[in-house]
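Peer 1: Could you have a look at this structure, given as structure tokens, before my questions?
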Amino acid sequence: MARRRVAYQKQNQNKFAMVLVTLVLLMLIIVVNIRKGELKEKQAAYLTKQEELQEKIDQEETRAEEIKEYEKYTQTQKYIEDMAKEKLGLVYEDEIVFKTQGE
């Protein structure tokens, strides 16, 4: 009879251990799935931010090219002539200047 009681107690202990292990595994699965969802949201936010930053990079590269072109233009004779006419009102000797009444 003592053997049956010990065997019955071991069987109950095994069932209890299996239930505990199952609960722990379920809790782990739930936690992992929650974290997975959070990480997917973060990933989507990071991808959006990456696209925005890439657009800014492209805009700045275009702007840098425009600045280089403007730098080349400012070193030309045409730019110097345009600025002399616009800012200083200078003209060539053989040019005829017409002024409107408002000027």
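Peer 1: What pairs come up if the first residue lies in region 75-98 and is loosely packed, with under 10 Cβ neighbours inside 10 Å and part of a loop (DSSP other than H, G, I, E, B), the second is at pLDDT 80 or above and not hydroxyl-bearing (S, T, Y), and their beta carbons are under 8 Å apart, counting only those six or more places apart or on different chains?
Peer 2: V97/V91
Peer 1: Conditions: (1) in a helix (DSSP H, G or I); (2) open to solvent by less than 80 Å² (accessible area, probe 1.4 Å). I30 meets all but one. Number of the miss?
Peer 2: Here I30 clears every test but (2).
The values are calculated or read from the model by the stated rules, or taken from the named source; none is laboratory data. These numbers come from a predicted model, not from an experiment. Cβ sites come from the backbone with ideal geometry, for glycine too, and all protein chains shown count toward neighbours. Protein only, heavy atoms only, side chains kept; ligands, DNA and RNA dropped before computing areas. Shrake-Rupley method; radii C 1.70, N 1.55, O 1.52, S 1.80 Å.
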